[in-house]
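The values are calculated or read from the model by the stated rules, or taken from the named source; none is laboratory data. Note that the coordinates shown come from a computational prediction; the quantities given were computed from them, not determined experimentally. In this analysis, Cβ positions are derived from the backbone assuming ideal geometry, glycine residues included, and neighbour counts consider all displayed protein chains. Note: accessible area is taken over every heavy atom of the protein model, side chains too, but ligands, DNA and RNA are not part of it. Shrake-Rupley method; radii C 1.70, N 1.55, O 1.52, S 1.80 Å.
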Amino acid sequence: MIKLLSATIILSAIIFSVSCSTSDGKGNDKEKGTKPKVTFVEREADKRVDVMVDGKLFTSYWWPDTVYKPILYPILTAAGTTITRGFPIKPRAGERQDHMHQVGNWFNYGNVNGYDFWGNGSEGKKSPNGGVIKEIGIDKLTEGDGEGIMVTRASWVDPSGKELLAERTEFHFIAKDSIRIIDRIATLTATGGPVSFKDTKEGSFGIRVARQLELPSREDVTLTDAQGNPTTVKAMSNVGVSGNYRSSEGVTGEAVWSTRAKWMDLFGKMGSEDISLVICDHPKNLSYPTYWHARGYGLFAANPFGAKDFTQGKEELNYSIPAGKSLTQRYRIIISSGGHLTDAEINGYADDFARKYK
């Protein structure tokens, strides 16, 4: 009887242990509530650092010579779906091949002391008036359960190679269930004298998304850059295209362009996956709540430096950083693959973001 009772207790313990664990899909058990591990893989020869969540790619911090700025590319959901456009690095069938300077996720601007950091490379080569953001070094990589931190340094230089701005950026890569979050805190310091950000719509914290997350296109659209050069964005087949915008102020569709909002949600479907891609502004940022340079063809950007184009000339900013002084901008990207996020859920993430980086 004692042996039978002992065996029963042992069997019960085993059953309880199994019931408190879940499979990670690789045959390994993980305790319920365990946060996924965020790690980094440095690939210096490829000029990139891979950001991994439980051994699977989340994104890569890249500084390819042909892009003229550091980027996060590609960006994947928790389910492994790539939400960024492949072109021009790894083109995919059926996607647009316009605006080749819009790659992954980036932070720059179209008129910094008269130099174009935004559109540099738009013709497939370095622009004569193009500014370059050079990756200088990675100061810190901190791996962790649920969150990893990367601190980088970069240099904004003019065509002659003179530094205008020194950039220090802190990335927080956060993973929980079907949610992935990227927090970017970028500090720009004017090192070569005062630095002006002349008012233009060509900026600033942007993502170029996969074709499926674009808004269905109805006709060709002709756009102009900061120099007045036109580009035609062709209408395409809308099969599988389901994106739509919704702002914190309740504005939807392509009408969000030029409006101000605390956050912007781009939601749609990729295969069977319902995805929300959200960018949150921060209350301490310049121009909060920011203007949105968000287009139906897949450009999704917050612009704190521009006002003139967005207000039809009624307002003009022309911000400048005095010599030796700094500006810090903070942005949060939220990627949900477990269903479209509600306004209340997004507000919760935005409030958390505001508290975390006061």
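List pairs: first residue in the range 49-70 and closer than 25 Å to Ser178 by Cβ, second residue part of a loop (DSSP other than H, G, I, E, B) and of a type in the set (A, V, I, L, M, F, W, C) anywhere in the structure, Cβ distance under 8 angstrom, at least six positions apart or on different chains. Final answer for the pair search is Val53/Ala78. With respect to the conditions (1) open to solvent by 10 Å² or more (accessible area, probe 1.4 Å); (2) in contact (Cβ under 8 Å) with a residue 40 or more places away in the chain; (3) closer than 30 Å to Pro194 by Cβ, Ala350 falls short on a single one, namely (3). Does Ala307 qualify as being aliphatic (A, V, I, L, M), at pLDDT 95 or above, out of contact with any Lys or Arg (no Cβ under 8 Å at 6 or more places or on another chain) and closer than 30 Å to Arg211 by Cβ? Judged against the criteria, Ala307 is not a match. Do any residues in the range 268-296 that are over 23 Å from Lys234 (Cβ atoms) and open to solvent by 10 Å² or more (accessible area, probe 1.4 Å) have Cβ atoms under 7 Å from those of residues that are among the acidic types (Asp, Glu) and in a loop (DSSP other than H, G, I, E, B), where the two are at least six apart or on different chains, and which pairs are they? So the pair list comes out as Tyr288/Asp281; Pro289/Asp281.
Among the residues that make up the range 89-105, is at least one of them over 28 Å from Ser336 (Cα atoms) and open to solvent by 30 Å² or more (accessible area, probe 1.4 Å)? Let's see the steps before the verdict.
Just the residues of the range 89-105 that are over 28 Å from Ser336 (Cα atoms), to begin with: none.
No, that holds for no residue.
Taking the range 195-254 as the range and being modelled with pLDDT of 80 or more, part of a loop (DSSP other than H, G, I, E, B), over 20 Å from Phe87 (Cα atoms) and among the aliphatic types (A, V, I, L, M) as the test, only Val251 passes.
If I ask for residues that are touching a Lys or Arg at 6+ places or on another chain (Cβ under 9 Å) and surrounded by fewer than 17 Cβ atoms within 10 Å (Cβ to Cβ), which ones from the range 310-319 would you list? Answer for the range 310-319, where residues must be touching a Lys or Arg at 6+ places or on another chain (Cβ under 9 Å) and surrounded by fewer than 17 Cβ atoms within 10 Å (Cβ to Cβ): Lys314, Glu315, Glu316, Asn318.
From the list Trp106, Trp118, which residue is assigned to a strand (DSSP E or B) and within 30 Å of Lys234 (Cα to Cα)? Being assigned to a strand (DSSP E or B) and within 30 Å of Lys234 (Cα to Cα) holds for just one of Trp106, Trp118, which is Trp106. Among the residues of the range 32-65, the ones that are closer than 19 Å to Gly146 by Cα, in a strand (DSSP E or B) and open to solvent by 20 Å² or more (accessible area, probe 1.4 Å) come to 7 in all. Could you please let me know if Ala93 is among the hydrophobic types (A, V, I, L, M, F, W, C), more than 15 Å from Arg208 (Cα to Cα) and modelled with pLDDT under 95? Judged against the criteria, Ala93 is a match. Which one is least open to solvent (accessible area, probe 1.4 Å), of the residues in the range 320-334 that are closer than 20 Å to Asp199 by Cα and of a type in the set (Val, Ile, Thr)? Ranking the qualifying residues of the range 320-334, first place goes to Ile321.
Any residue in the range 173-182 that is of a type in the set (Lys, Arg) and closer than 21 Å to Asp352 by Cα? Don't jump to the end; show me each part of the working.
So in the range 173-182, the residues of a type in the set (Lys, Arg) come out as 176, 180.
Among the residues that remain, those that are also closer than 21 Å to Asp352 by Cα are: 176, 180.
Within the range 173-182, one or more residues are of a type in the set (Lys, Arg) and closer than 21 Å to Asp352 by Cα.
Are any of the residues in the range 85-108 among the β-branched types (Val, Ile, Thr) and more than 24 Å from Leu266 (Cα to Cα)? Checked the range 85-108: no residue is among the β-branched types (Val, Ile, Thr) and more than 24 Å from Leu266 (Cα to Cα).
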